[in-house]
Amino acid sequence: MNNRIHAKLREQKKVLSIYFTAGYPKLEDTTRIIRELQSSGVDMIEIGLPFSDPLADGPTIQDSSTKALHNGMTTEKLFEQLEDIREDVDIPLIIMGYFNPMLQYGVEAFCKRCAAIGIDGLIIPDLPVEVYEASYKDIFETYGLANIFLITPQTSEARVRKIDATSEGFIYMVSSASVTGAKSTFGNAQEEYFDRIAALNLETPRIVGFGISNAETFNTATKKADGAIIGSAFIKHLTHHGVEKIKDFIAAIR
Amino acid sequence: MSYHVDQNGYYGNFGGAFIPEMLYPNVEELRTNYLQIMNDPSFKKDFDQLLKDYVGRPTPLYFAKRLSEKYGTRIYFKREDLNHTGAHKVNNTIGQILLARKLGKKRIIAETGAGQHGVATATVCALMGMQCVVYMGEIDIARQAPNVARMKMLGAEVRPALSGSRTLKDATNEAIRDWINNPLDTHYIIGSAIGPHPYPDMVTRFQSVISEEIRKQLLEKEGRDYPDHVVACIGGGSNAAGSYYHFLDDTRVNIIAVEAAGKGIDSGESAATSALGREGIIHGCKTLLMQTDDGQITEPYSISAGLDYPGVGPMHAHLYASKRGEFISVTDDDAMNAGLELTRLEGIIPAIETAHALAVPQQRPFKKDEVVVINLSGRGDKDLNTYIDHFNL
Ligand SMILES: Cc1ncc(COP(=O)(O)O)c(C=O)c1O
């Protein structure tokens, strides 16, 4: 497989990726946020498809998801909003969401629509690697979509290697044992984990997420990884300062 | 056809473990160890001993003479309400805390709807000297106040779930998030036959003592070790799974599952999952699920906090899909009336969850000679305020 994610990670180290929830703060903000992020110099974007019961998320993303659903966001609506996004956005775009809405849309139909729009990958936290391999891998490959798996500090080396072998694009390194949510610093345990995984010399690039909130955490996370993802801290900034001030947030990271 | 879990954690098309990677080590540790631990003779001995001396098992199988006369059939009650803490929930918490101890865990978390599972968890934590945190929806904290007080007195911390419908589903979300945040020292005691494999099977096995005893007791009382019908209410489905377990493959036994219709199946305020749900994923499990066309989980409604859940355990989804089970739904009003009727005819105040199962003889006639066992899953002390308000007593 070779799409925009692979190309980006070949050409650039220390990728800055931003997660936001589609349909928040306002239903029609989705494409505007994407364009602002691109023009602010962000390298990659994760578009959150909101879910009613986001098990792996802390209060900030839970809250943005609830509001997005209240605003009227649906799977179909998101696809409609993204229809023309590739006219002027060329950075990698990933959809991150829970499995049930995709299952209800139809996994194949979902992937087909993503490919038609120009989505490069999916992150589905509650679709385990075993189920993916047994039932969905062929579909993702047919449509050229990278399925991105998570690892955590508790993931065994054997399992990290298995995930490395199945992964396309990058491996999503969850920074610590926690749900999503901003942290202001990383401790020794995190740095040891970053070092330990770096020493495995995996095939797939690694991007760190969960708990990245500012320049300091971004720099620590990317010392030994290929990039980092900011979610909750960005959503908080959107909540308080609005879509107009996206550039300020990105400028403060690097 | 098999009604038991298969090698991969499925009941037919339902079950599995759709969990985020953060939970994988914990769930995998359970999956690889639970059967071995449960089959270990020393574990069995401890479990049986506690069920006998601490919980008060076996619970009676009681022939309800006046109710049987009224409905022209032979109704027996399996008296899980007489367990210590007042419901079947403790069968599972005793089992799981012994298992948690074997796995070296120090801290216990649980979700609760009616508070019965929370109380049963807080109780075994007190007994074993373990730290206990119980998540409970804000709405349920208000409607089940006596159980909140009991949990606090038992030394548990009750944390309100403030998201979504602020009921059982949301309490379960919060408990799962806690487990993600505390992966090493914590065991999550799920209170029903739900969640990722191996939970539905593990909880079912701990609850299967109910049908094991029914068999022996019926043999004494009726001269045969099976009923014609076994009836239980379904929230997530643990008391039902335990009541059915030893009869699953016995086709002489009709299995009746009772769901909460709330204000009526078509009212928009209901928790009748088999009628209103489609296949989907909730709390790590593929099962029947109430959801929007778009796959968002719907907020259910029932007057009873313990049945106010938008899914059912995967065993029950399979019993429904395979038509092995007969599914009936009972409204708030019919359940409340059946609860009062039992109180007045037999002198037993049932939990409102249980009262749903008690409404079955009014909705569905049984023959005169048929033996009907209804699982009396819990007592109604926690529900007195709801009864009193409902009937202006
Ligand atoms: C007395 C009683 N019965 C039934 C239930 C429903 O749970 P389950 O379906 O797991 O038996 C509850 C749950 O709180 C309960 O307290």
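Being touching a residue at least 40 places away in the same chain (Cβ under 8 Å), surrounded by 21 or more Cβ atoms within 10 Å (Cβ to Cβ) and either out of contact with any Ser or Thr (no Cβ under 9 Å at 6 or more places or on another chain) or not hydrophobic (A, V, I, L, M, F, W, C) (or both) is true for just one of B:72, B:12, B:86. Which residue is that?
Result of the check over B:72, B:12, B:86: B:86.
Restricting attention to helices (runs of 4 or more DSSP H) lying wholly within segment B:102-188, give those where 3 or more residues are under 26 Å from residue B:312 (Cα atoms) and among the charged types (D, E, K, R).
B:138-143, B:168-181
Quick one: would you say residue B:154 is within 14 Å of chain A (Cβ to nearest Cβ), surrounded by fewer than 21 Cβ atoms within 10 Å (Cβ to Cβ), more than 14 Å from the ligand (Cβ to nearest atom) and of a type in the set (A, V, I, L, M)?
No, not satisfied.
Name the residues in segment B:182-199 that are farther than 11 Å from residue B:285 by Cβ, touching a strand residue (DSSP E or B) at 6+ places or on another chain (Cβ under 6 Å) and within 14 Å of chain A (Cβ to nearest Cβ), would you?
Passing the criteria: B:185, B:186, B:188.
Of (1) at pLDDT 95 or above; (2) away from the ligand (no atom under 14 Å from the Cβ); (3) of a type in the set (Gly, Ala, Ser); (4) closer than 20 Å to residue B:297 by Cα, residue B:149 satisfies all except one. Which?
Among (1) at pLDDT 95 or above; (2) away from the ligand (no atom under 14 Å from the Cβ); (3) of a type in the set (Gly, Ala, Ser); (4) closer than 20 Å to residue B:297 by Cα, the lone unmet condition for residue B:149 is (4).
Given the options B:388, B:348, name the one that is more than 14 Å from chain A (Cβ to nearest Cβ) and within 16 Å of the ligand (Cβ to nearest atom).
B:348
Being over 23 Å from residue A:93 (Cα atoms) and of a type in the set (Val, Ile, Thr) is the filter; apply it to segment A:156-187 and report the residue that is nearest to the other protein chains (Cβ to nearest Cβ).
Residue satisfying both the conditions and the ranking: A:160.
If you scan segment B:303-335, which residues turn out to be among the aliphatic types (A, V, I, L, M), within 15 Å of the ligand (Cβ to nearest atom) and part of a helix (DSSP H, G or I)?
B:305, B:307, B:315, B:317, B:319, B:335
Determine which single condition residue A:101 fails, assuming it passes every other condition in (1) in contact (Cβ under 8 Å) with a residue 24 or more places away in the chain; (2) under 14 Å from the mean Cα position of the chain (by Cα).
(2)
State all residues of segment B:84-117 that are near the ligand (Cβ under 10 Å from one of its atoms) and farther than 20 Å from residue B:158 by Cα; if no residue qualifies, say none.
The one that is near the ligand (Cβ under 10 Å from one of its atoms) and farther than 20 Å from residue B:158 by Cα: B:88.
Let me confirm something: among A:125, A:153, which residue is in contact (Cβ under 8 Å) with a residue 12 or more places away in the chain, under 19 Å from residue B:295 (Cβ atoms), of a type outside the set (Asp, Glu) and within 12 Å of chain B (Cβ to nearest Cβ)?
So the residue among A:125, A:153 that is in contact (Cβ under 8 Å) with a residue 12 or more places away in the chain, under 19 Å from residue B:295 (Cβ atoms), of a type outside the set (Asp, Glu) and within 12 Å of chain B (Cβ to nearest Cβ) is A:125.
Taking helices (runs of 4 or more DSSP H) that do not extend beyond segment B:1-92, which have at least 3 residues that are among the acidic types (Asp, Glu)?
It comes to none.
Quick test for you: out of A:99, A:79, A:20, A:110, pick the one residue that is under 23 Å from residue A:174 (Cβ atoms), among the aromatic types (Phe, Trp, Tyr) and within 14 Å of another protein chain (Cβ to nearest Cβ).
When all the criteria are applied, what remains is A:99.
Could you check how many residues of segment B:40-70 are hydrophobic (A, V, I, L, M, F, W, C) and more than 26 Å from residue B:372 (Cα to Cα)?
Residues flagged as hydrophobic (A, V, I, L, M, F, W, C) and more than 26 Å from residue B:372 (Cα to Cα) within segment B:40-70 amount to 3.
Taking segment B:170-181 as the search range and keeping residues that are touching a residue at least 12 places away in the same chain (Cβ under 8 Å) and either at the interface with chain A (Cβ under 7 Å from one of its Cβ atoms) or in contact with a helix residue (DSSP H, G or I) (Cβ under 8 Å, 6 or more places away or on another chain) (or both), which one is farthest from residue A:56 (Cα to Cα)?
Per the criteria, the residue is B:171.
Please indicate, with yes or no, whether at least one residue in segment A:52-60 is in a helix (DSSP H, G or I), out of contact with any Asp or Glu (no Cβ under 8 Å at 6 or more places or on another chain), surrounded by fewer than 24 Cβ atoms within 10 Å (Cβ to Cβ) and touching a residue at least 24 places away in the same chain (Cβ under 8 Å).
yes
Would you pick out the residues in segment A:218-238 that are of a type outside the set (Val, Ile, Thr) and either free of Cβ contacts under 8 Å to residues at least 40 places away in the same chain or within 14 Å of residue A:60 (Cβ to Cβ) (or both)?
A:219, A:223, A:224, A:231, A:232, A:233, A:234, A:236, A:237, A:238
Determine whether residue B:21 is at pLDDT 95 or above, under 20 Å from the mean Cα position of the chain (by Cα) and buried (at least 20 other Cβ atoms within 10 Å of the Cβ).
no
Report, by residue number, each residue of segment A:164-188 that is touching a residue at least 40 places away in the same chain (Cβ under 8 Å), out of contact with any Gly (no Cβ under 6 Å at 6 or more places or on another chain) and of a type in the set (A, V, I, L, M, F, W, C).
A:170, A:173, A:182
Take residue B:156 and tell me if it is free of Cβ contacts under 8 Å to residues at least 60 places away in the same chain, of a type in the set (Gly, Ala, Ser) and under 24 Å from residue A:69 (Cβ atoms).
No; evaluated as a whole, the condition is false for this residue.
How many residues does segment A:191-219 hold that are buried (at least 20 other Cβ atoms within 10 Å of the Cβ), of a type in the set (S, T, N, Q) and outside any loop (DSSP other than H, G, I, E, B)?
So the count comes out to 1.
Does residue B:367 fit the bill of being more than 30 Å from residue A:50 (Cβ to Cβ) and basic (Lys, Arg)?
yes
Given the criterion part of a helix (DSSP H, G or I), touching a residue at least 12 places away in the same chain (Cβ under 8 Å) and surrounded by fewer than 21 Cβ atoms within 10 Å (Cβ to Cβ), identify the matching residue among A:32, A:10.
Answer to the check: A:32.
The values are calculated or read from the model by the stated rules, or taken from the named source; none is laboratory data. Note that the structure is a prediction, hence the values are computed from the model and not measured. Note that we place each Cβ from the backbone using ideal geometry, even for glycine, and neighbour counts take in every protein chain shown.
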